[in-house]
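For reference, the structure discussed in these notes is given below.
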Amino acid sequence: MTNYIFLHGINLKTNIGVPAAERSVSQILIIDIDIELNKNTKFENDNLNDTIDYAEIEHLIKKIGCTHQFKLLESLGEEISTEIKKKFNVKRILLKIKKKNILPDTDFVGVILER
């Protein structure tokens, strides 16, 4: 039995990009995260302690986005994955980070990290 929680479509306002000019202006990243829990039994107690509070994950991601400045989406993703694994008992993380309107003929660019 496998249990996941997910948050899709998190809007993260941050400064990121390789060129200094890109980092000088805040932009919105779109983040999807799927988290496989270490709990592999049924949720029979209706108890938040048996899972992870979605709001805590969103808060952690937004805190990282506000307090760090990265050039690469990859580096931001590593920081998010590392901090979630430090704070919560998780088995696996699938993290997708997208930037909009970076290339003229492409809607989104981004990374997918599995940790």
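From (1) touching a residue at least 24 places away in the same chain (Cβ under 8 Å); (2) touching a helix residue (DSSP H, G or I) at 6+ places or on another chain (Cβ under 9 Å), pick out the condition that doesn't hold for Glu79.
(1)
Counting only residues that are under 28 Å from Ile28 (Cβ atoms) and among the acidic types (Asp, Glu), which one in segment 42-68 is surrounded by the most Cβ atoms within 10 Å (Cβ to Cβ)?
Checking each candidate, the answer is Glu58.
Restricting attention to segment 52-93, which residues are part of a loop (DSSP other than H, G, I, E, B), out of contact with any strand residue (DSSP E or B) (no Cβ under 6 Å at 6 or more places or on another chain) and of a type outside the set (D, E, K, R)?
His68, Gln69, Leu72, Phe88, Asn89
List every residue pair whose Cβ atoms lie under 9 Å apart, where the two residues are 6 or more positions apart in sequence or sit on different chains, the first residue falls within segment 3-25 and is free of Cβ contacts under 8 Å to residues at least 60 places away in the same chain and loosely packed, with under 13 Cβ neighbours inside 10 Å, and the second residue, located anywhere, is basic (Lys, Arg) and part of a loop (DSSP other than H, G, I, E, B).
Cβ pairs passing all conditions: Val18/Lys71; Pro19/Lys71.
Within segment 11-25, which residues are in contact with a Gly (Cβ under 9 Å, 6 or more places away or on another chain) and part of a strand (DSSP E or B)?
Leu12, Lys13, Thr14, Ile16
Residue check, Ile28 against (1) assigned to a loop (DSSP other than H, G, I, E, B); (2) touching a residue at least 40 places away in the same chain (Cβ under 8 Å); (3) touching a Ser or Thr at 6+ places or on another chain (Cβ under 9 Å), all met but one. Which one?
Against the list (1) assigned to a loop (DSSP other than H, G, I, E, B); (2) touching a residue at least 40 places away in the same chain (Cβ under 8 Å); (3) touching a Ser or Thr at 6+ places or on another chain (Cβ under 9 Å), Ile28 comes up short only on (1).
Any read-out appearing in this document is the output of simple, stated calculations on the displayed coordinates, not a laboratory observation. Quick caveat, the model's predicted, so the values are computed rather than measured. So basically every Cβ, Gly included, is an ideal-geometry build from the backbone, and we count neighbours across all protein chains shown.
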